[in-house]
Amino acid sequence: MMGSTEEKRIEDELSYPILLAERVRLAADEAESFKVDCGEVGKQVDRLSQMLRNLVRFTTSAQFLYERPIRRVVSEVSKNLERALTLVRKCKRQSILRRVVRITSATDFRKVLNLLDASIGDMKWLMGVLDTENSGIFLSLPPIASNDPIISWVWSYIATVQMGQLTDRIEAATNLASLAQDNDRNKKITVEEGGVPPLLKLLKEGSSTEAQIAAANALLVLANEQERVRSIVDEMGVPIVVQVLGDSPMKVQIPVAKLVARMAEHDPLAQEDFARENVIRPLVTLLSFETFEEDSRSQLGKQSLHSIVQINKEMEKTSSTGSNSRNYSYRPYAHSHSSLHSEGSSKGWSHRKERENEKPEVKIQLKINGAEALWMLAKGSVLNSRRITETKGLLCLAKLVEKEQGELQYNCLMTIMEITAAAESNSDLRRAVFKTNSPAAKAVIDQLLRVIKELDSPILQVPAIKSIGSLARTFPARETRVIGPLVTQLSNKDQEVAMEAAIALQKFASPENFLCMDHSKTIIEFNGVPPLMRLLRGEKTQLHGVILLCYLAIHAGDNEALEQARVLNALEGADRTVVAQQPDLKELVSKAIYHLNLYHTGVHPQRPLYGP
């Protein structure tokens, strides 16, 4: 715990126990009773005093000092010296009454001597831990940690990460990650005992690839909960992570991209800070590496690359005019030393060659983690979704969905799903990005429809269906090609896919959609009513089937397909069952029944009329 005493300089912390030791020695020399015992106390205190003075010399010469265990041990030493001073002072000249009462006994001395022995043991351990240059990782159990051994290991590892030789620092960071992996308590102790700053320092230094990977992996283990992620943010971790992501070998970028994803997932503040540091551009650049090269000879590839150039020009123009500075002060990602943006530099050329020669599985893993990072950055964030679309991100995501499989394809689809969800909630973003003449938007929609139609994989189809649904208000009435695949999925044997298809189609047929009447007719023309009627039998799909049928009845109630499928009977049944569980649907169901009664020949409404 951080207390007021920890705000003092470490030299001031050490001066107090040294002063106490001198007082104990003086009191022991002046003792008139228990002289032998006081002499033993004096000897122990002399040893402690010498250790404390050695510690002072060490702290003044150390360049990077890990203070946490020093403060804890010195605090405990001070308490034990205070007890010793109180006891020894009682052995000065006493009155007759005090001698009779015998307030001091041999037992008291044994207790104090045991406490001083423990302090000596703590000081020996502390000097071993701090002397990382000679002892490496110093693992032993000091008396102060006898009831909680984990804390002594955490102290040893952190001290080595901060103060040790490079090989020892790598090993200590790896061991710290392994220890934290065991449980959340170990993670909490690691953060509370100051483990984050030395790990960030090791990550930033770039002294070796192995060191950066070890540091990133340790931070990744810690960043699984908002409070711990906030600790990394508070230590200025976000700019460090972004810098390393942009200027490191692929093997380092892999865990760093994963760290971006983990931090953005668990803490909205981290998500915002990453946006402020413009992490999206290096992530998109990593995803784009080799993505477009295979198609560069084809006309499609040429058009895509031309679009990328145009988009990047627009991005630079936007950055220079500051048009996106509503809540944040964005700056272009342009570190002069960045391998991603300074290919002409020797370091940039080195990293370029390294990326080209890297193993395919390493390249794929980097893209998997990069796509996951974009997904978590876009999740629930209109601002970050806009930033992705202002780069070549959408084209890149569409191309990866087309070319790749497995986790990378999934992460790209989830990123698209978050971007389209942001567009659904924000009309400015929707109109700016998903225009009918946009090459990037067309590429994304083509791939979403391909996934829905051609891939028999619910885990991939669901985000694709959700994405099309989110864009329902962007499609003109003539764009019927997006509705057909959704209608087909109403018959999917997987209930979740069928349910999501119904939800997506609701967004086409909803009164909130200006073209709801046209879209409703198109759904019916694609023979959407029969599978909808079957959805009413499923517990998971019934509710959404009823809602979509109501929209179709209200906006295309005169269609014979509704009468032939006995939709009126189905909705009257739903009025008794579904509405009982969902009272807020009563008005919608009643309105749909009214419209069907109105259009069916020879049938007259038997209930109060609801306006259209």
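The values are calculated or read from the model by the stated rules, or taken from the named source; none is laboratory data. The structure presented is a predicted model; accordingly, all values stated were derived computationally and were not measured. Positions of Cβ are backbone-derived with ideal geometry, glycine not excepted, and every protein chain shown enters the neighbour counts. The accessibility values were calculated without ligands, DNA or RNA, using every heavy atom of the protein model including side chains. Shrake-Rupley method; radii C 1.70, N 1.55, O 1.52, S 1.80 Å.
Please sort by residue number the trypsin sites (Lys or Arg not before Pro) in the range 538-581 whose DSSP state is loop and whose Cβ has at most 13 other Cβ atoms within 10 Å.
Numbers: sites: Lys540, Arg566, Arg576; in loops: Lys540, Arg566.
Here the trypsin sites (Lys or Arg not before Pro) that fit, given the DSSP loop and packing criteria, are Lys540, Arg566.
In percent, rounded to a whole number, the relative contact order of the range 472-604 is 22, using alpha-carbon pairs under 8 Å and six or more apart.
Solvent-accessible area per residue in the range 472-604 equals 47 Å², computed with a 1.4 angstrom probe and all protein chains kept.
Over the range 472-604, what percent of the accessible surface lies on carbon and sulfur atoms, probe 1.4 Å? Display every interim value, and only then the final one.
Numbers: 2960 of 6280 Å².
Looking at the range 472-604 in its full context, I get 47 percent from C and S.
For the range 472-604, a simple Cβ point-charge model (Lys and Arg +1, Asp and Glu -1, everything else neutral) yields a dipole of about 140 debye relative to the Cα centre. Counted residue by residue at 0.36 nm each, then reduced by the alpha carbon distance between them, the extension gain from Arg566 to Glu356 reaches 69.3 nm.
Kirkwood hydrodynamic radius for the range 472-604: how many Å is it when counted over pairs of different Cα atoms?
Numbers: mean 1/r = 0.0690 Å⁻¹.
By the Kirkwood definition, the hydrodynamic radius is 14.5 Å.
About its Cα centre, the dipole of the range 184-286 is roughly 260 debye, where the only charges are +1 on Lys and Arg Cβ and -1 on Asp and Glu Cβ.
With the Cα gyration tensor of the range 12-99 giving a ≥ b ≥ c as the square roots of its eigenvalues, does the rule (a/c under 1.5 for rounded; else a/b larger than b/c for prolate; else oblate) give rounded, prolate or oblate? Don't skip to the answer; put the middle values down first.
Details: a/c = 3.64, a/b = 2.66, b/c = 1.37.
In terms of gyration-tensor shape, prolate.
Report, to the nearest whole %, how much of the accessible area of the range 32-180 belongs to carbon and sulfur atoms, 1.4 Å probe, protein only. Within the range 32-180, the accessible surface is 50 percent carbon and sulfur. Put the Cα centre of the range 347-410 next to the Cα centre of the range 194-254 and the gap is 20 Å.
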